[in-house]
Structures are given as C-alpha cells and as structure tokens.
1. Mind checking which pairs have a first residue in the stretch 141-165 that is assigned by TED's automatic domain parsing to the domain that holds residue 180 and closer than 19 Å to residue 200 by Cα and a second that is modelled with pLDDT under 90 and not in a helix (DSSP H, G or I), Cβ under 6 Å, 6 or more apart or different chains?
2. Check whether at least one residue in the stretch 1-14 is in a loop (DSSP other than H, G, I, E, B), within 13 Å of the chain's Cα centre (by Cα) and buried (at least 22 other Cβ atoms within 10 Å of the Cβ), and report yes or no.
3. Do we find that residue 189 is within 30 Å of residue 70 (Cβ to Cβ) and touching a residue at least 12 places away in the same chain (Cβ under 8 Å) in this structure?
4. If we scan the stretch 286-297, do we find a residue that is touching a strand residue (DSSP E or B) at 6+ places or on another chain (Cβ under 8 Å), modelled with pLDDT of 85 or more, under 20 Å from residue 251 (Cβ atoms) and surrounded by 11 or more Cβ atoms within 10 Å (Cβ to Cβ)?
5. Could you grab me the full set of residues in the stretch 301-338 that are assigned to a helix (DSSP H, G or I), under 32 Å from the mean Cα position of the chain (by Cα) and either assigned by TED's automatic domain parsing to the domain that holds residue 254 or farther than 13 Å from residue 276 by Cα (or both)?
6. Does residue 318 satisfy the criteria of being touching a helix residue (DSSP H, G or I) at 6+ places or on another chain (Cβ under 6 Å) and either over 30 Å from residue 67 (Cβ atoms) or touching a residue at least 12 places away in the same chain (Cβ under 8 Å) (or both)?
7. Would the stretch 156-169 turn up any residue that is touching a helix residue (DSSP H, G or I) at 6+ places or on another chain (Cβ under 9 Å), in a helix (DSSP H, G or I) and modelled with pLDDT under 90?
C-alpha cells in the first residue's frame with residue numbers, strides 16, 4: 001500500500017427524498033435525526049470522509065441498511081450524492097461531465113457485484129471481452145486480451161461455455177475477469193462472494209488474494225463478513241446508520257474501538273491472528289536478555305498465534321526485536337494471556 005491517495009471522499013451525503021440538497025444547506029450540513037424525520041428524508045450516507053490509497057484494499061463493512069453499498073455506488077456515481085466531494089486522482093467526480101465520467105468508468109474503474117451481471121446469450125470469452133467491444137477495440141485484440149484473463153482466473157477450457165453451463169463460482173470468475181479487462185486503476189466489489197457456498201467462497205478469496213499480489217490494484221471491497229474483511233483488507237471501515245463509525249486496521253479496531261458499536265462488531269474476532277507482539281510487549285530488562293539464543297527471540301511484527309507456544313513454554317519473558325534486530329521489549333505468559341483473554 002502506497003501513501004499516495006487514489007480516491008478521497010470528503011463530507012459525502014446521500015439523502016433519499018425531495019428537496020434534500022436545500023434541506024442540507026438550510027441545516028448547515030449537520031441535521032439531526034429529528035430534522036430528517038420531520039421532512040420525511042432518509043439518510044443513507046451522513047457526512048462520510050476517508051481516503052483510499054494506491055494499492056490498498058479497503059474493506060467497507062456494516063449491518064444491512066448501514067449504507068455500505070450505497071457508499072460504493074456514490075463513489076462511482078451510480079447513485080448521485082447530494083453533497084460532498086469525490087476526488088479520483090485529483091478529479092472531482094461530482095463535477096465531471098457525463099462524457100468524462102463515462103470515460104473514467106470505462107477505462108479506470110472495474111466493478112463486480114453480487115449478481116454477476118453476465119450476458120446469458122454470450123459465451124465466457126465474449127462476456128469478458130464485452131467492455132472492450134463497447135470501446136470499439138478491434139475483435140482480435142479484445143479476444144486475445146480476454147483469453148489471457150480467462151486463464152488468469154482459472155477458466156481455461158471454458159471459453160466457449162455459456163453462463164448457464166457454469167457453477168456460481170465460475171460465473172463469479174467471469175465477472176472478475178470482465179471487470180479487469182479495461183486495466184482499471186480502481187476495483188469496486190460489492191459483496192461479490194456472498195452468494196457462494198463456503199468452500200467456493202474460500203477458493204474465490206484465495207483467487208482474489210493471488211490476483212491482487214500480481215495486479216496491485218486500489219480496491220474498495222464491501223462485505224458483511226468480518227472474517228473475510230480480516231483476510232482480505234489492509235484497512236476496514238465500519239458503517240452504522242450511514243455514518244463512518246471507525247476506519248483502521250483490524251488490529252486497531254480490535255484494540256482501540258471508537259465506540260460500543262465497533263467493540264461489539266469485533267468482539268468475536270480471532271485475536272491471536274490479529275494482534276502483534278508490539279502491542280503487548282513491555283520495556284526489556286536488558287540485564288536478563290540473551291539475543292544470542294535466536295530460537296527464543298521474537299519479532300515485534302509476529303502475531304500472537306505465532307509466538308504463543310514459545311512464550312507459554314518459557315519460564316521467563318522472551319526478548320522482542322524490531323526489523324533491524326534491535327531489542328525493543330519483552331513479552332511474558334502474563335502479557336500473552338491478558339491480550340488473548342481480556
């Protein structure tokens with residue numbers, strides 16, 4: 001993940017109902033629930049601001065009705081926000097002309113949704129090549145590119161099948177390949193795996209991780225599954241009632257929840273897989289540390305699952321070193337137990 005900001009959302013609002021723009025201006029872009037209820041407006045997105053970095057997978061989570069899918073549709077202007085800014089490589093999408101927006105969608109955005117959206121009368125390869133067809137790319141060029149992507153998602157030999165001849169997981173792979181053919185900069189995925197059975201879903205997550213390791217896209221991924229969010233995301237944004245409750249790494253959300261809602265949201269998270277040693281270590285007692293015993297030296301970036309057995313079996317606290325091998329702390333059974341079972 002780079003420090004470069006790919007997409008920046010600033011003070012984004014989406015209200016459903018008549019007169020929403022004037023209503024927001026009248027209430028100085030800070031209406032209360034009673035104000036909204038009084039005029040019959042429904043707030044889907046409320047004053048949301050965040051950045052998506054180049055090469056980052058940002059996962060957006062929330063319960064049904066929290067606004068996560070509406071937020072993604074606002075970011076692509078499939079739903080028109082009432083107020084705010086969406087900067088895409090510095091270009092404000094809310095001020096972009098229809099022609100400019102269409103060009104950005106075709107060439108710089110890839111989108112995958114839960115229902116796949118495949119054309120039933122077209123074969124796999126023709127479905128994948130379709131975005132280039134509407135860009136008037138020559139047939140030989142678009143089919144060659146489509147064949148490459150069909151192989152990338154593991155569907156070689158299925159090029160001439162129709163969607164009805166594919167499993168749900170295979171159809172999803174076609175949707176993913178189609179979304180990538182335009183060599184998009186940013187990839188939007190709205191609960192793409194939620195309709196799949198658990199085994200296929202896990203396989204698709206593996207495929208997704210493999211693709212990202214090769215393509216290094218900026219990705220906005222919507223899910224309601226925290227395990228999926230932890231597995232795929234660099235950061236997680238949690239939505240509640242249209243508001244951004246908190247954004248951060250899974251470890252940050254787990255150790256420093258912003259409120260009771262976030263705390264409850266992450267209470268069943270696998271702590272041993274998420275918390276790193278740096279979060280539980282204490283200052284080292286240098287006189288008792290032996291860094292020469294490399295079998296008992298722990299890295300500050302190790303997750304607790306990795307160090308647990310060594311810490312439990314040791315009679316004394318074990319030394320912790322940073323990436324350069326310098327002593328930065330120590331960790332004992334007590335520290336481990338407190339982190340895992342608090």
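The values are calculated or read from the model by the stated rules, or taken from the named source; none is laboratory data. Predicted, not measured: the structure shown is a model, and the values here were computed from it. Cβ coordinates were reconstructed from backbone atoms using ideal geometry, including for glycine residues, and neighbour counts include every protein chain displayed.
1. Close Cβ pairs (under 6 Å, with a partner that is modelled with pLDDT under 90 and not in a helix (DSSP H, G or I)) amount to 163/118.
2. Narrowing the stretch 1-14 to residues in a loop (DSSP other than H, G, I, E, B): 1-4.
Then drop every residue that is not within 13 Å of the chain's Cα centre (by Cα), which leaves 1.
From what's left, buried (at least 22 other Cβ atoms within 10 Å of the Cβ): none.
No, every residue in the stretch 1-14 fails to be in a loop (DSSP other than H, G, I, E, B), within 13 Å of the chain's Cα centre (by Cα) and buried (at least 22 other Cβ atoms within 10 Å of the Cβ).
3. yes
4. no
5. Within the stretch 301-338, 309, 337, 338 qualify.
6. yes
7. yes
The rows are residues; the columns are (1) in a loop (DSSP other than H, G, I, E, B); (2) modelled with pLDDT under 95; (3) assigned by TED's automatic domain parsing to the domain that holds residue 184; (4) touching a strand residue (DSSP E or B) at 6+ places or on another chain (Cβ under 8 Å).
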{"position": "21", "(1), (2), (3), (4)": "no, yes, yes, yes"}
{"position": "24", "(1), (2), (3), (4)": "no, yes, yes, yes"}
{"position": "30", "(1), (2), (3), (4)": "yes, yes, yes, yes"}
{"position": "35", "(1), (2), (3), (4)": "no, yes, yes, no"}
{"position": "45", "(1), (2), (3), (4)": "no, no, yes, yes"}
{"position": "49", "(1), (2), (3), (4)": "no, no, yes, yes"}
{"position": "58", "(1), (2), (3), (4)": "no, no, yes, yes"}
{"position": "66", "(1), (2), (3), (4)": "yes, yes, yes, yes"}
{"position": "86", "(1), (2), (3), (4)": "no, no, yes, yes"}
